[in-house]
Structure formats: C-alpha cells, structure tokens
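Let me begin by presenting the structure, written as structure tokens, before commenting on it.
Derivation of every value follows stated rules applied to the coordinates shown; laboratory data play no part. Quantities reported herein were computed from a predicted structural model and do not represent experimental measurements. Glycine gets a Cβ as well: all are built from the backbone with ideal geometry, and neighbour counts include every protein chain shown.
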Amino acid sequence: MKLVQEQRTEINGQPIIAFTLANDHGMEITCLNYGCIITSILVPDKNGNVENVVLAFDDFSSYLTNYPYLGAVIGRVAGRIKNSSFQLNGKTYKLHANEYKNHLHGGEKGFHHVIWRAVGFSQKEEVGVRFSHRSVDGEEGYPGNVDVQVTYTLNNQNEFIISYHAISDQDTPFTLTNHTYFNLSGNVKRDILQHELKIKSDRFLPLDHEFIPTGEIKDVAGTFFDLRLGKVLKEVIDSTDPQIVLVGQGYDHPFVLNTHHDEEIVLCDRESGRALIVETDEPAVVVYTGNQLPNEETINGVPSRKYLGICLETQALPNAVNYSHFPSCILRAGEVYLSTTKYRFCVVDGK
Ligand code: G6D
C-alpha cells in the first residue's frame, strides 16, 4: 500500500493538496482536499491496461466553478430542495436558491467548494484520507453546527470505500453523496452509451419539470427504469419515454434500492471488460447519465460532451425534507450520521 501527497496549488494562501492512494494490485486513486474531489481512479481492463475510469478537469481552476460537480462530495443535502425551503420543528427555513428558486446540492457554497482538513493514513491492508470540516449554523441557510468527516479508503480487494460521519448540535436535513462520473472504457476512449447498468430496484421517482421528484414512487415494471436484468444505456437514452425525454434523453432519476450491501448496483463495459459493483446503506441512488455535461471545458484531455460519464449518487431520496412519506433525511441534534458506500472494481469476461 502506498500514500503520496503533494501540493497542487493554493487558494487564498491555503494549500490544495493531492493525495494518491495505491494498493498492491495496481489500483490507484487520487483526490484533493478541495471538495474531497476524486480526480483519478486507475484500474486494469481485461488485458491489464491500467487507465483512469473517472472524469476530471484538466485545469484545476475549473473546479472553482465546477457546474457538473465533477468528483466532489455533495452536502449538506444532495439533490434538489423545492423552493429552497422546508419546515422543521415548526419553523420555516429558507436556503440559498442556487438553481432558479430551488436549492441544489448544498447551495452556492456547498461541500464541493470547501477546503477540507485532510490527514492521510496507511496500514498494511488499507490506505486512505480522512477529511473533516465544520459546517457552521446558518451556512447556506441550514440550522446547526455540523462536524463532518469523510473517509476515503482503498484496500487490497480493489475496493474503494467512502464513509461519512457527522454530528449536529441542532436538528438539520443532511444527506451526503459523491458526484464522481464513471466511464469504464478507460481514459474516456468512448462515451458510456455501450455501458450496461443493473440495479436491484423495483421503484423509481418520476420528476417534475424542475427535475424534482413529484412525490410519486412508481413501479419500474414495463418501463425504461426497470434495470433489474440490466440494460445497455443506449437503449434507454434513445427511448421516447417522457421521463427520459424530460431530463435531456437519459437518466437524472432516483432509484429506490431493494437491498443493501448485496451487489445492488452493477455497471459494466463489455469492450474493456471492466465492471464496477456499488454497495451502500443508503435508501436510493440517483443515476445521472451526464445529459447536461457542459462543452466549454476539457475533461481528461477531450472536449466535454453529453454521456461522457455516469454518476451513481447514493443518498436519501431527493426533497425528502418536504415529503413526509419519504424516509427521513433529518439528522437529529446529538445523533450520529453514518453512511458507507463501497465501490469494487473487477474484470468480467468481455463476451
Ligand atoms: C444537472 O439535473 C442534474 C443534476 O442531477 C446533476 O447533479 C447536475 O446537473 C450536475 O443539474
């Protein structure tokens, strides 16, 4: 196991550090203390070629805006909150409206724009980085001081584990995710249209015109959201299903997971032979097929374009704070928030 850290740049005198984690089987992950951003995950294909399977900006300055939230931790609340407001304990809270009248991904100064305190660690069978940050009372309109820890761990089973720990001194909505875009072709040789996605999910959340769940929890049977047997993404993206069309020909939808830590999400690319198995304790995964990737920046050396990567954002159901029939996303004062998502990379027979 190896851990290397190097200063990349600085922001207002604060160093921006890149941490590179390597295991004994050629897998390597690089991440930044800015936004806990993952800039590289190197894994072998079926022929042993080790290549990057995540999207990253070529120029660090692009992360200072980062409209696609490339690679970043998302919080306090991942997803959209309608009208940027919610009721809690009889009080109405108004969050920063950073997407028209709605609140998206923690707001303008969300966790993706924080310079996190970061400490690397290395043991015999695992290596990683522990990020920490205090989100102060009133930040982006949220109540309570929240002490947050994000831990990235790489082990010798080619598993990358993201775990979250948080404690707040007031009740507050809270659900984190990671917004990495995966592309298993390696070094963005191809887009994701030929990737196959399989999810153990019987229900999904239809969206309204602002891409916020309508509140309906719909059975996937007979729809393009039935991924229980797996689908090639091109089949979905080419469909005329109104929900697929609504979000710009693709997914931008929450899937309610049937099970946990049971290989519930599997993404694979037959041509490279790479597969990614995601397991989580979160109730949902928002699948976003990069329908709105901007095309004015270069990503991994190529012009950014639609479908260059796919996000698998494990999290609470979006807008849960406004839907009492969704599982709660409220972190109660003094309670501990714990969440773990594991990404295991392997090679499958390319047939
Ligand atoms: C778009 O609607 C999508 C979001 O789900 C995504 O997180 C963002 O782009 C990067 O707004």
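Taking 0.36 nm per residue of sequence separation and removing the Cα-Cα distance, the Lys189/Gln157 pair yields an extension gain of 8.9 nm. Of Val148, Val232, the sequence from fewest to most neighbouring Cβ atoms within 10 angstrom is Val232, Val148.
Shape of the stretch 27-92 from the C-alpha gyration tensor: prolate (a/c of 1.5 or more and a/b above b/c, with a ≥ b ≥ c the square roots of its eigenvalues). Placing a pseudo-label 7 Å from each Cα along the Cα-to-Cβ vector at Thr298 and His25 gives an inter-label distance of 3.4 nm.
Could you calculate the contour length gain from Met1 to Arg332, that is, 0.36 nm times the residue separation minus the distance between their Cα atoms, to one decimal place in nm? All intermediate terms of the calculation are to be shown ahead of the outcome.
Details: separation 331, 0.36 × 331 = 119.16 nm, distance 3.78 nm.
Stretched fully, the Met1-Arg332 segment lengthens by 115.4 nm.
For a test of the definition: using alpha carbon positions, the gyration tensor, and the 1.5 limit on a/c, classify the stretch 219-307 as rounded, prolate or oblate.
On the way: a/c = 1.74, a/b = 1.28, b/c = 1.36.
Oblate.
Label sites at Asn98 and Arg228, each approximated as a point 7 angstrom past Cα along Cα to Cβ, lie 3.8 nm apart. Using C-alpha pairs under 8 Å with a sequence gap of at least 6, the mean separation divided by the residue count of the chain gives a relative contact order of 18 percent. Here Glu108 and Asp241 are evaluated by their C-beta separation; at R0 = 30 Å the FRET efficiency comes out at 0.35. Karplus-derived 3J(HN,Hα) values for the stretch 208-215, using 6.51 cos²θ - 1.76 cosθ + 1.60 with θ = phi - 60°, are 8, 5, 9, 6, 10, x, 6, x Hz; glycine and proline are entered as x.
Label sites at Thr259 and Thr9, each approximated as a point 7 angstrom past Cα along Cα to Cβ, lie 4.4 nm apart.
Taking the Cβ of each residue in His209, His113 as the centre, tally the other Cβ atoms inside 10 Å and list the residues starting with the fewest. If you can, show how the numbers build up before the last one.
Working: His209 7, His113 18.
Listed from fewest to most nearby Cβ atoms, that is His209, His113.
By other beta-carbon atoms within 10 Å, ranking Leu64, Leu55 with the fewest at the front produces Leu64, Leu55. Potential lengthening of the chain between Ser132 and Ser61 amounts to 23.3 nm, from the contour at 0.36 nm per residue minus the alpha-carbon distance. Protection proxy ranking of 211-221, 260-270, by the mean of other Cβ atoms within 10 Å over each peptide's residues and highest first, is 260-270, 211-221.
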